[in-house]
């Protein structure tokens, strides 16, 4: 936004007021005869970034591919599981394939900002059972990315139970079927944070 203001102050004399608004947009002027001249002009510039056509086309193609492979949506599939962690929720569907992972219609390597620890969570349940390249994984998730990664891991483990109940023992041994119920502790009245308190002064 650009603003320009100009003042002209000739010697004072009796005031006579008049106001005019020009037909040009965002341009207003006020004038007082023989005493004061005031003009205000506003220019508003708005810029927006638009996703490149290549990215938009890739996402559109992935959406079509996922919908064609999942007729009826996520809940209509036979091998599916739901995982939760903090405020994150993930719905996972497994299908026989080559080990492809699609999260919210994006490739898993791009989605969690290539954080190696988050990518590790996605692989652990399948690697434990030796299914890393046997099933394609489709995920619909929401919440913070750190929570999503752990929620997806729980959802994958629960989905693998529907492949065979014999998977329960190795998954349970690695604690992959246990939901982590830890959440951020609430702030109390008085302390600065959940536990942090002001410095104590005896006198």
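Taking the criterion of being within 22 Å of residue 165 (Cβ to Cβ), assigned by TED's automatic domain parsing to the domain that holds residue 158, out of contact with any strand residue (DSSP E or B) (no Cβ under 8 Å at 6 or more places or on another chain) and at pLDDT 85 or above, would at least one residue in the range 106-124 satisfy it?
There is at least one residue in the range 106-124 that is within 22 Å of residue 165 (Cβ to Cβ), assigned by TED's automatic domain parsing to the domain that holds residue 158, out of contact with any strand residue (DSSP E or B) (no Cβ under 8 Å at 6 or more places or on another chain) and at pLDDT 85 or above.
The conditions are (1) assigned by TED's automatic domain parsing to the domain that holds residue 129; (2) over 14 Å from residue 125 (Cβ atoms), and residue 200 fails exactly one of them. Which is it?
Tallying (1) assigned by TED's automatic domain parsing to the domain that holds residue 129; (2) over 14 Å from residue 125 (Cβ atoms), residue 200 fails exactly one: (1).
Cβ contacts < 9 Å: first residue outside the structural domain of residue 144 (by TED's automatic domain parsing) and on the phi > 0 side of the Ramachandran plot, restricted to the range 172-196; second residue loosely packed, with under 10 Cβ neighbours inside 10 Å and part of a loop (DSSP other than H, G, I, E, B), any location; separation 6+ or different chain. Result?
Final answer for the pair search is 190/198.
Sort out which residues of the range 161-181 are in a loop (DSSP other than H, G, I, E, B) and in contact with a helix residue (DSSP H, G or I) (Cβ under 7 Å, 6 or more places away or on another chain), and write them in order of number.
174, 176, 177, 179, 180
Sort out which residues of the range 66-98 are out of contact with any strand residue (DSSP E or B) (no Cβ under 7 Å at 6 or more places or on another chain) and not in a strand (DSSP E or B), and write them in order of number.
We begin by selecting, within the range 66-98, every residue out of contact with any strand residue (DSSP E or B) (no Cβ under 7 Å at 6 or more places or on another chain); these are 67-68, 71-73, 75-76, 78, 84-87.
Once the filter is applied, which keeps residues that are out of contact with any strand residue (DSSP E or B) (no Cβ under 7 Å at 6 or more places or on another chain) and not in a strand (DSSP E or B), the range 66-98 yields 67, 68, 71, 72, 73, 75, 76, 78, 86, 87.
Select from the range 157-192 the residues that are exposed (fewer than 10 other Cβ atoms within 10 Å of the Cβ) and farther than 24 Å from residue 99 by Cα and list them in ascending order.
Within the range 157-192, 181, 182, 184, 185, 186, 189, 190 meet the criteria.
On the given criteria, is residue 184 outside any loop (DSSP other than H, G, I, E, B) and out of contact with any strand residue (DSSP E or B) (no Cβ under 6 Å at 6 or more places or on another chain)?
Answer is no for this residue.
Taking the range 91-127, which residues are under 18 Å from the mean Cα position of the chain (by Cα) and on the phi > 0 side of the Ramachandran plot?
The answer is 104, 105, 113, 114.
Within 14 Å of residue 136 (Cβ to Cβ), assigned by TED's automatic domain parsing to the domain that holds residue 145 and surrounded by fewer than 12 Cβ atoms within 10 Å (Cβ to Cβ): is that true of residue 75 in this structure?
no
Among the candidates 196, 100, 202, which residue alone is out of contact with any helix residue (DSSP H, G or I) (no Cβ under 9 Å at 6 or more places or on another chain) and surrounded by 14 or more Cβ atoms within 10 Å (Cβ to Cβ)?
100
The values are calculated or read from the model by the stated rules, or taken from the named source; none is laboratory data. This structure is a prediction, so every number in the text was calculated from the model and none was measured. A quick note on method: Cβ atoms are made from the backbone with ideal geometry, for glycine too, and the neighbour counts reach across all protein chains shown.
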